[in-house]
1. How high is the relative contact order of region 1-79, in percent, with contacts defined as C-alpha pairs under 8 Å that are six or more residues apart?
2. Per-residue accessible area for Val100 at 1.4 Å probe radius, Å² rounded to 10?
3. Over region 148-206, what relative contact order in percent results from Cα pairs under 8 Å that are six or more residues apart?
4. Bin all alpha-carbon pair distances of region 71-145 at 10 Å intervals from 0 and give each bin's fraction as a whole percent.
5. Of all alpha-carbon pairs in region 139-213, indicate the percentage at a distance above 20 angstrom.
6. Would you calculate the separation in nanometres between label points at Glu139 and Ser6, each defined as 7 Å from the Cα along the Cα-to-beta-carbon direction?
7. Counting Lys and Arg as +1 and Asp and Glu as -1, each charge on the Cβ, what is the dipole of region 69-134 about the Cα centre in debye, to the nearest 20?
8. Between region 4-77 and region 132-162, what is the separation of their alpha carbon centroids in Å?
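The values are calculated or read from the model by the stated rules, or taken from the named source; none is laboratory data. Given the structure is predicted, the values throughout are model-derived calculations rather than measurements. Neighbour counts run over all protein chains shown; Cβ positions are idealised from the backbone, glycine included. Quick note on the areas: whole protein, heavy atoms, side chains included, nothing else; ligands and nucleic acids left out. Shrake-Rupley method; radii C 1.70, N 1.55, O 1.52, S 1.80 Å.
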Amino acid sequence: MIELKSINKSFQKGKKQIKVLSDFDINIKENSFSIIKGQSGCGKSTLLFTMGGLLKPDSGEVKLLGQDLYQLNQSSRRVFTAKTIGFVFQSYHLLSYLSVRDNILVQQRLSYIQLDLDLIDDMINELHLQDRLNHKPGELSAGEKQRVALVRSLAANPKLILADEPTGNLDPENSEIVLSFLKRFQQKGGTIAMVSHSSDADQMADQIIHLKK
């Protein structure tokens, strides 16, 4: 599904260069649920963004469905990842000035891809958001915001979900809703790579990847 080979990534902090990923290899198989763990600052989010085409490595290959993401130009990579990858973030990344409905549909406007409106309606009903579609994010609870983010991430019917601490700001009840929804996505043939500090989803995982500083 997605394979990283010999990935190196460093960041400049003042005069000091901090190496986050060093000759890093990973293989996420199709229809698997992988959890990425490690201490704060060990490179979990950097790894996830690199996998998703958002952060170019200093060297190495990132292949998704056989396509080297960083051999594509920025425009082609954006279209390819928009059709293939759904992102779920701990901080939701909802646009405060848009309604719930427009936050879900915004990907279609930005990436010029066709969304599956029937699938979106099914997810909205399944996650009990049908009465919140005209509300702004500021009027939603944390759990509702994350459920909106889930629908948005799956609106284009992607093959891969990359999730960065999707339950980090949620209470146990909403955490269970999010994790169950992700698990059903996998059961329908999807692939998940999720960064997590907690052990809530460990029993769902096919592999747990531990990063060290």
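1. Relative contact order comes out at 36 percent.
2. We get 0 Å² for Val100.
3. 43 percent
4. The percentages, shortest bin first, are 17, 47, 29, 7, 0.
5. Roughly 28 percent, rounded to a whole number.
6. In this crude label model, Glu139 to Ser6 measures out at 5.5 nm.
7. Computed about the Cα centre, the dipole is about 460 debye.
8. 25 Å
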